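Values in this text are rule-based calculations from the coordinates and carry no lab data. Just so you know, these numbers come straight off a predicted model, no measurement behind them. With ideal geometry, Cβ positions are generated from the backbone for all residues, glycine too; neighbour counts draw on all protein chains shown.
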């Protein structure tokens, strides 16, 4: 075994470095577009959707959808029409495969793209688990595109100068309503 390692070290070492770089890029590169991938627990997702008041048939948009868990639970448990926006094509592929496997293709999908360019005008609920700076950058778009009464549910991070209508301090979930919480149509 030692002879093998010595003989092929020049191949093994670069391969290990390359694999490490790919894994690090897959985990941390999305942070440049919104947030690194750190999924919310399933319990937190259920609470988030419940506090946002998701109803059957409503449209839920998850910005930074990751593995699609918010989209899947919105469609599965709340019978909502759910769309996720995710920049990582590999996560989109995996999430859409799971959606098909669960038979939710008619009510759920993950769109591969930039969350800053996605049309939110017909969303009833927008969910976020991004970073504070990303939430701040999204506020003008949310206020400008969402209609009065639409809700924004954010895990961990708040919306600057918006007052939440519902807060779960333990799970750090903040729900805002357009027209009641800050700038936007009143």
What value in Å³ per residue do you get for the convex hull of the alpha-carbon atoms in the range 42-177?
93
Quick check on the exposure proxy: order 110, 94, 72 from fewest to most C-beta atoms within 10 angstrom.
94, 72, 110
State whether the range 50-105 is rounded, prolate or oblate according to the following rule on the C-alpha gyration tensor (a ≥ b ≥ c being the square roots of its eigenvalues): a/c under 1.5 gives rounded; otherwise a/b larger than b/c gives prolate, and the remaining case gives oblate.
oblate
Order by protection proxy (mean Cβ within 10 Å, highest first), peptides 36-42, 102-108
102-108, 36-42
Can you tell me which of 152-162, 116-126 comes out highest on packing, and rank the rest after it, using the mean Cβ neighbours within 10 Å?
152-162, 116-126
